[in-house]
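Data block below; observations after.
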Amino acid sequence: MQIQINEHRLLDELKTLATFTDAEPSDVGTAVTRIVFSPDDLRARAWLKELATSEGLQVHEDAVGNTFMRWPGTQPDLPAVATGSHTDAIPHAGMYDGTVGVLGGLEAIRALKRGGLQPHRSIELVMFTAEEPTRFGIGCLGSRLLSGTLGSGRADGLTDKQEATLASVRTAAGFAGPLSSVRVPPNHYHAWLELHIEQGPLLEREGIPIGIVTNIAAPAGYRFTITGFGGHAGALLMPDRRDALCAAAELILSIERHALATGVIDTVATVGTCDVHPGAVNSVPSRVVLQLDIRDTDPDRREAVMQSIRRDCDDLRRRRNVSITEELVNADAPAQSSPHILQLLEETCAEQGIPYKKMVSRAYHDSSFMARIAPIAMIFIPCRDGVSHRPDEYAAPADIVRGAHLLASVLAKLASE
Ligand code: GLV
Ligand code: MN
Ligand code: MN
């Protein structure tokens, strides 16, 4: 079968999707901010559903807004083969993270249709809700719920910065019904294969066009609240201070030190938000909330780093006379790709003469949670300088097309099983 990816259309659609953005324009690239259930997210969803419908795909959405676009196979009762990713974007991000997997998946399906494939199993494109943790503090919300990794009660009670619950926000966005209905039964999917930009530098550095992901690092999230004693920035004497931000600064540096101390590049820890109360230039900070994102391919090593951080918290409490509370947001397991799909990917690359590298994903993906309920794998394509989550994120058209082509080839094989 001839598989032809329409490069022009795919790039055009990526550019159109990038226009649904709430970001200030950037002079280094295309800035995209698309927070879940924001007006831009809802517009992007409507546009995507329109594209899928006009391609003849059967579209449906679940109670959290996960969107399923299905090409029915000749045996529609068999578990489907699925692909996809996310279209939400963190503040001031780029235009390729997630979107390449969704629009590349759509183009792969179109190419298979045009090539005359009559799939045995249905092929389903999935756009997951809130892969990014920006609004509700937890990543992969849609795929967590679909895989039964997150309870519906806890999920509906998650709140955003305005204290609006997921229950109220999703209902206002038009997604009603119990979240418990989002979970799919075991064996719902035969396989899941996600196309994504690497978000790291290795493929580009080594001049290899395709990454085949063998495993995905285990992410965890914690929220630390540091409470000291506030007051007037001029009048509160230095020896009397219990400055929460100074304690937070020490904690952040301790996190960095312990993550580096493992000596392994697979351990990474980031404090990406820091809310300072009351947040006035002439007021001593009385309370700080930090969010820690810590990941490792080895969850035991991740936990050992957390234990060292906790020991430093004890020391900080004593020395600085502050309170520090730790709240677990999520502590996830690593994910392994299916040996069978890895083999299909390797075979297909060999057939098509595509050099590839087997590699770890240090970023998490909806695939991390799909791995709980289905055999999975991921295809990575290079991105310039390994940059992601920034407006200058860039993937070359030839790499996007090659990734979509490989995706289509392997989807066709999986759908004929
Ligand atoms: C996904 O965006 C991640 O943070 O890995
Ligand atoms: Mn991302
Ligand atoms: Mn992503």
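Odds and ends about this structure:
- Of all residues making up region 74-102, the number that are away from ligand 1 (no atom under 16 Å from the Cβ), open to solvent by less than 10 Å² (accessible area, probe 1.4 Å) and not in a strand (DSSP E or B): 0
- Residue ID - nearest to ligand 2 (Cβ to nearest atom), chosen from residues in region 178-207 that are farther than 30 Å from PRO355 by Cα, more than 21 Å from the chain's Cα centre (by Cα) and surrounded by 13 or more Cβ atoms within 10 Å (Cβ to Cβ): HIS188
- Of the residues making up region 382-400, one or more are surrounded by 24 or more Cβ atoms within 10 Å (Cβ to Cβ), more than 16 Å from ligand 2 (Cβ to nearest atom) and under 18 Å from the mean Cα position of the chain (by Cα).
- For the condition in a strand (DSSP E or B), away from ligand 2 (no atom under 16 Å from the Cβ), in contact with a Gly (Cβ under 8 Å, 6 or more places away or on another chain) and open to solvent by less than 10 Å² (accessible area, probe 1.4 Å), ILE379 qualifies.
- Any hit, region 227-248, residues being farther than 28 Å from LEU345 by Cα and among the β-branched types (Val, Ile, Thr): yes
- Residue satisfying all of: in region 103-154; on the phi > 0 side of the Ramachandran plot and crowded, with 24+ Cβ neighbours inside 10 Å; nearest to ligand 1 (Cβ to nearest atom) among these: CYS140
- Residue within region 298-321 that is over 30 Å from THR225 (Cβ atoms) and charged (D, E, K, R) present: no
- Flag if ASP41 is within 29 Å of LEU166 (Cα to Cα) and open to solvent by 50 Å² or more (accessible area, probe 1.4 Å): no
- For region 39-90, taking the residues that are of a type in the set (Asp, Glu) and farther than 25 Å from ALA377 by Cβ, the one that is nearest to the chain's Cα centre (by Cα) is identified as ASP41.
- When GLY263 is tested against (1) closer than 28 Å to ARG362 by Cα; (2) in contact with a Ser or Thr (Cβ under 8 Å, 6 or more places away or on another chain); (3) free of Cβ contacts under 8 Å to residues at least 60 places away in the same chain, exactly one condition is not met: (2).
- Taking the conditions (1) without any contact (Cβ under 8 Å) to a residue 12 or more places away in the chain; (2) not in a helix (DSSP H, G or I) in turn, ARG317 satisfies each one other than (2).
- Summed over region 145-186, the residues that are closer than 10 Å to VAL64 by Cβ and touching a strand residue (DSSP E or B) at 6+ places or on another chain (Cβ under 6 Å) give a count of 0.
- Residue check, ALA63 touching a residue at least 12 places away in the same chain (Cβ under 8 Å) and either surrounded by 24 or more Cβ atoms within 10 Å (Cβ to Cβ) or more than 28 Å from PRO39 (Cβ to Cβ) (or both): no
- Search result, residues across region 209-220 that are more than 19 Å from GLU393 (Cβ to Cβ) and more than 16 Å from ligand 3 (Cβ to nearest atom): ILE212, THR214, ASN215, ALA218, ALA220
- Any hit, region 1-13, residues being among the hydrophobic types (A, V, I, L, M, F, W, C), open to solvent by less than 30 Å² (accessible area, probe 1.4 Å) and part of a loop (DSSP other than H, G, I, E, B): yes
- Of all the listed residues (ARG302, ARG320, ARG295), the sole one being of a type in the set (D, E, K, R) and under 16 Å from ALA249 (Cα atoms) is ARG320.
The values are calculated or read from the model by the stated rules, or taken from the named source; none is laboratory data. Everything quoted here is computed from the prediction, not taken from an experiment. Neighbour counts are summed over all protein chains in view; Cβ atoms, including those assigned to glycine, are modelled from backbone coordinates with ideal geometry. The protein model used for the area step is the full one, side chains on, heavy atoms only, and it has no ligands, DNA or RNA in it. Shrake-Rupley method; radii C 1.70, N 1.55, O 1.52, S 1.80 Å.
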